[in-house]
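Step one of this worksheet: look at the structure below.
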Amino acid sequence: MKTKAWRVTLSAVFAGLAIAIIQNKVVPCITVLQNTFEIDAGTAGWLSSAFCVMGIVMAFPGALIVEKIGLKRTGLLSLLFGLIGTGIGILADSVPLLLVSRVIEGAGAGLIAIVVPSLISLWFSPEKRGLPMSIWSTWQIVAQSLCFLFGLSLTDAFGWRGLWGAGGIITILAALFFVLFVHVPETGAGHTQEDESNAKPVSLSRGLKNPAVWLVCLAMMFFTLSNF
């Protein structure tokens, strides 16, 4: 069971990493995009920011989507958004179309950010979640590091579309691992039988009525906005 839990976790984290690479691919080649499309720095900046804005928007209905179709399908939907957006971006010959592709890609970010921690909480009991959650917390930083380390070389060799293609390949691999290795346990594998018998059904509406939940969410939202 422990091996399976880690297999699920690492596959899910890889999916998040793929989405984060898609998110951060703009910055290493932003000057190339400016020259190619003859746009100023502000417009080029929106090619990066549009992704983050859409990620915020999708975070609100994300819980409802998970509740409706389940964690695995939501994770695959996130990766699908990333692949569709990447495909459109590679073919884009104008800034508006490239912005549309970034919005589609960004739709996946808000979803995967919900899916992975939820999977970890199902496969690991509270006292054992520290390490997998710590690994998950590096998804954005690792993606940024990879983009900055290899982005310029890929751009020099293949143009800005080379970065889009690399992101697409990584996302296809992530989707394959997600299909093969990510499963939701029928009864929370990370909980004891006593935990299961004492567990109460989770109510989304009850959670939204809790002021503490909103305070925590707002604190994290403002931190993330300032950070990015």
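The values are calculated or read from the model by the stated rules, or taken from the named source; none is laboratory data. The structure displayed is predicted, hence computed values, not measured ones. We place every Cβ from the backbone using ideal geometry, glycine too, and count neighbours over all the protein chains shown. Note: accessible area is taken over every heavy atom of the protein model, side chains too, but ligands, DNA and RNA are not part of it. Shrake-Rupley method; radii C 1.70, N 1.55, O 1.52, S 1.80 Å.
Could you please let me know if Glu105 is buried (at least 19 other Cβ atoms within 10 Å of the Cβ) and of a type in the set (Asp, Glu)? Spell out how you get there, then give the answer.
Details: buried (at least 19 other Cβ atoms within 10 Å of the Cβ): yes; of a type in the set (Asp, Glu): yes.
The answer is yes for Glu105.
Those residues that are within 17 Å of Ile65 (Cβ to Cβ) and buried (at least 22 other Cβ atoms within 10 Å of the Cβ), I need them from region 114-128; list them, please.
If the condition is that a residue be within 17 Å of Ile65 (Cβ to Cβ) and buried (at least 22 other Cβ atoms within 10 Å of the Cβ), then Val115, Val116, Leu119 are the ones that fit.
Considering each residue of region 12-27, count those that are more than 15 Å from Val116 (Cβ to Cβ) and under 8 Å from the mean Cα position of the chain (by Cα), and give that number.
Of the residues in region 12-27, 0 are more than 15 Å from Val116 (Cβ to Cβ) and under 8 Å from the mean Cα position of the chain (by Cα).
Give the residues of region 33-52 that are open to solvent by 70 Å² or more (accessible area, probe 1.4 Å) and either in contact (Cβ under 8 Å) with a residue 12 or more places away in the chain or β-branched (Val, Ile, Thr) (or both), sorted by residue number.
We begin by selecting, within region 33-52, every residue open to solvent by 70 Å² or more (accessible area, probe 1.4 Å); these are 35-36, 38, 40, 46.
Within region 33-52, Thr36, Trp46 qualify.
Listed here are the residues, each with its yes/no results for (1) open to solvent by 20 Å² or more (accessible area, probe 1.4 Å); (2) at pLDDT below 95.
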residue	(1), (2)
Gly110	no, yes
Gly130	yes, yes
Ile170	yes, no
Phe178	no, no
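Counting only residues that are crowded, with 18+ Cβ neighbours inside 10 Å and more than 19 Å from the chain's Cα centre (by Cα), how many does region 73-102 have?
2
Give the residues of region 132-168 that are open to solvent by less than 80 Å² (accessible area, probe 1.4 Å) and of a type in the set (Phe, Trp, Tyr), sorted by residue number.
Residues satisfying the conditions are Trp136, Trp139, Trp160, Trp164.
Can you find even one residue in region 55-62 that is surrounded by fewer than 17 Cβ atoms within 10 Å (Cβ to Cβ) and in contact with a Lys or Arg (Cβ under 7 Å, 6 or more places away or on another chain)?
No.
Out of all the residues in region 6-21, is one or more of a type in the set (Val, Ile, Thr) and in contact with a His (Cβ under 8 Å, 6 or more places away or on another chain)?
In the first step, residues of region 6-21 are kept if they are of a type in the set (Val, Ile, Thr); the result is 8-9, 13, 19, 21.
Restricting the remaining residues to those that are in contact with a His (Cβ under 8 Å, 6 or more places away or on another chain) gives 8.
Yes, that holds for at least one residue.
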